[in-house]
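**Q** This structure is in structure tokens; I'll ask about it shortly.
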Amino acid sequence: MIEKILERIDVLLKNANYETLVLENFATKKNKFCFDLLVKKENQIFSVKIFPNIDNLNPDIIRDIKSLSTILKSKPLLIGLRNRYQKLDDNTIYIREGLPFITLNTFENILNDRYPYILARRGGGVVFLNGSLMKILRENHSITRKELSETLGVTKRTLCAYENESMRPSEKIAEKLLEILENNDLFKKINVFGWPIENIVDDKKIFEEKELNEFESHIQNIIRDIGLTSYWYKKGSIPFKLSLYSTSEKKDLEGFYPLFSSISEEQGKVNEMSLKCLKIFADLFHKTSLLIIDNDIKIPEMFKKEKIPIVRIKNLEKLDNEEEFIELIQES
């Protein structure tokens with residue numbers, strides 16, 4: 001079912017002139033990554049992930065969705081099929097772990113400029129109202145707050161809260177308001193792509209160095225000595241191992257960082273899948289990528305043509321500062 005939904009989303013996006021990307025071998029790596037589809041249109045980037053049950057979320061996947069959104073300055077499009085009780089309703093946003101989830105039909109409506117206006121809550125959804133418009137419409141209809149509150153069956157204080165948007169009405173109350181005030185713009189459009197996503201990349205509690213193996217710890221120490229900071233991905237839900245950041249405030253470095261990096265240490269050979277993923281990210285998002293390898297790994301000629309810098313540990317060990325690091329990457 002997920003594959004069919006993903007195919008449908010891919011078609012919808014391509015028809016809307018978006019560039020889409022599914023990583024190779026997706027069918028054999030089902031649900032491994034924190035995205036099923038990467039999407040780009042001009043400067044707009046977002047990642048698509050489908051969840052069978054939004055009340056059964058993998059915390060590592062959620063963490064990496066948030067971190068990827070920060071790194072790429074993108075927004076996640078999270079399609080949910082159901083919660084623990086029932087199928088999800090259309091035109092409704094469900095919030096889990098600070099992230100918005102919607103149905104496939106809601107997404108199709110968004111592409112046609114019909115945005116959701118209901119926020120799911122326990123006991124029933126609430127509606128985003130345009131409070132200032134509500135007040136104008138009420139006054140244009142010569143209806144007092146007392147009269148409208150009595151008609152709706154709410155207190156005058158509650159009605160005031162609707163108008164100053166400190167409280168949102170239930171769907172039932174909102175439908176009554178729409179019937180009385182007769183204006184479809186009364187309901188606010190909720191732009192899912194404008195939803196604020198928590199920045200967790202700077203959260204030091206997420207990563208503990210004891211989670212790194214000996215090879216990774218050595219890389220971490222080298223990176224720290226060079227004067228860079230790093231964010232590691234240990235659960236495999238992002239197709240590279242870490243992101244590198246500068247501690248410098250130089251503006252001319254903004255296009256260079258963050259830098260994606262994978263690592264090859266196993267079986268004495270370059271990880272072909274990691275290299276392909278790095279190339280995809282570098283091409284699609286115009287980001288610098290790097291592959292760090294152990295000293296005894298042989299680099300096949302075909303990989304040297306991928307235009308992804310491949311750097312051995314011994315070359316990183318020779319560096320004293322960030323300037324030398326940047327020079328090494330650019331030369332590679």
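**Q** From the residues in region 111-147 that are more than 33 Å from the chain's Cα centre (by Cα) and not in a helix (DSSP H, G or I), which one is surrounded by the fewest Cβ atoms within 10 Å (Cβ to Cβ)?
**A** Filtering first and then ranking leaves 142.
**Q** Under the condition of being touching an Asp or Glu at 6+ places or on another chain (Cβ under 7 Å) and assigned to a loop (DSSP other than H, G, I, E, B), which residue from region 207-246 is modelled with the highest pLDDT?
**A** Looking at residues that are touching an Asp or Glu at 6+ places or on another chain (Cβ under 7 Å) and assigned to a loop (DSSP other than H, G, I, E, B), I get 227.
**Q** Could I ask something else about it? Does residue 314 qualify as being farther than 14 Å from residue 262 by Cα and in contact with a Lys or Arg (Cβ under 9 Å, 6 or more places away or on another chain)?
**A** Against the criterion (farther than 14 Å from residue 262 by Cα and in contact with a Lys or Arg (Cβ under 9 Å, 6 or more places away or on another chain)), residue 314 does not qualify.
**Q** For region 153-172, name all the residues that are part of a loop (DSSP other than H, G, I, E, B), free of Cβ contacts under 8 Å to residues at least 12 places away in the same chain and surrounded by 14 or more Cβ atoms within 10 Å (Cβ to Cβ).
**A** 167
**Q** Further, regarding this structure: From 150, 108, 179, 175, which residue is in a helix (DSSP H, G or I) and under 30 Å from residue 56 (Cα atoms)?
**A** Working: 150 fails: under 30 Å from residue 56 (Cα atoms); 179 fails: under 30 Å from residue 56 (Cα atoms); 175 fails: under 30 Å from residue 56 (Cα atoms).
Step by step, each of 150, 108, 179, 175 is checked, and only 108 is in a helix (DSSP H, G or I) and under 30 Å from residue 56 (Cα atoms).
Residues checked against (1) surrounded by fewer than 18 Cβ atoms within 10 Å (Cβ to Cβ); (2) farther than 27 Å from residue 65 by Cα; (3) modelled with pLDDT under 85:
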site	(1), (2), (3)
248	yes, no, yes
256	yes, no, yes
267	yes, yes, yes
275	no, no, yes
284	yes, no, yes
287	no, no, yes
315	yes, yes, no
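**Q** Is it the case that residue 102 is among the hydrophobic types (A, V, I, L, M, F, W, C) and free of Cβ contacts under 8 Å to residues at least 24 places away in the same chain? Talk me through it step by step, then tell me what you get.
**A** On the way: among the hydrophobic types (A, V, I, L, M, F, W, C): yes; free of Cβ contacts under 8 Å to residues at least 24 places away in the same chain: no.
Here the answer is no, as residue 102 does not meet what is asked.
**Q** Anything in region 48-73 that is over 11 Å from residue 238 (Cβ atoms) and buried (at least 17 other Cβ atoms within 10 Å of the Cβ)? List them, or say none.
**A** Of everything in region 48-73, those that are over 11 Å from residue 238 (Cβ atoms) and buried (at least 17 other Cβ atoms within 10 Å of the Cβ) turn out to be 48, 49, 50, 51, 54, 57, 62, 66, 69, 70.
**Q** Another question, then. Quick one: would you say residue 332 is modelled with pLDDT of 80 or more and either closer than 30 Å to residue 36 by Cα or out of contact with any Gly (no Cβ under 7 Å at 6 or more places or on another chain) (or both)? First the steps, then the outcome.
**A** Values: modelled with pLDDT of 80 or more: no; either closer than 30 Å to residue 36 by Cα or out of contact with any Gly (no Cβ under 7 Å at 6 or more places or on another chain) (or both): yes.
Spelling it out, it is not the case that residue 332 is modelled with pLDDT of 80 or more and either closer than 30 Å to residue 36 by Cα or out of contact with any Gly (no Cβ under 7 Å at 6 or more places or on another chain) (or both).
**Q** Could you grab me the full set of residues in region 22-39 that are surrounded by 15 or more Cβ atoms within 10 Å (Cβ to Cβ) and either of a type in the set (Val, Ile, Thr) or at pLDDT below 85 (or both)?
**A** Answer for region 22-39, where residues must be surrounded by 15 or more Cβ atoms within 10 Å (Cβ to Cβ) and either of a type in the set (Val, Ile, Thr) or at pLDDT below 85 (or both): 22, 23, 26, 31, 32, 33, 39.
Residue by residue, here is whether (1) among the small types (Gly, Ala, Ser); (2) out of contact with any Gly (no Cβ under 8 Å at 6 or more places or on another chain); (3) modelled with pLDDT of 90 or more holds:
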| residue | (1), (2), (3) |
| --- | --- |
| 61 | no, yes, no |
| 68 | no, yes, no |
| 77 | no, yes, yes |
| 95 | no, yes, yes |
| 109 | no, yes, yes |
| 118 | no, no, yes |
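**Q** Could you please let me know if residue 43 is over 21 Å from residue 274 (Cβ atoms), of a type in the set (S, T, N, Q) and more than 17 Å from the chain's Cα centre (by Cα)?
**A** Against the criterion (over 21 Å from residue 274 (Cβ atoms), of a type in the set (S, T, N, Q) and more than 17 Å from the chain's Cα centre (by Cα)), residue 43 does not qualify.
The values are calculated or read from the model by the stated rules, or taken from the named source; none is laboratory data. Worth saying up front: this structure is predicted, and the values here are computed from it rather than measured. Virtual Cβ from ideal backbone geometry, glycine too; neighbours counted across all protein chains shown.
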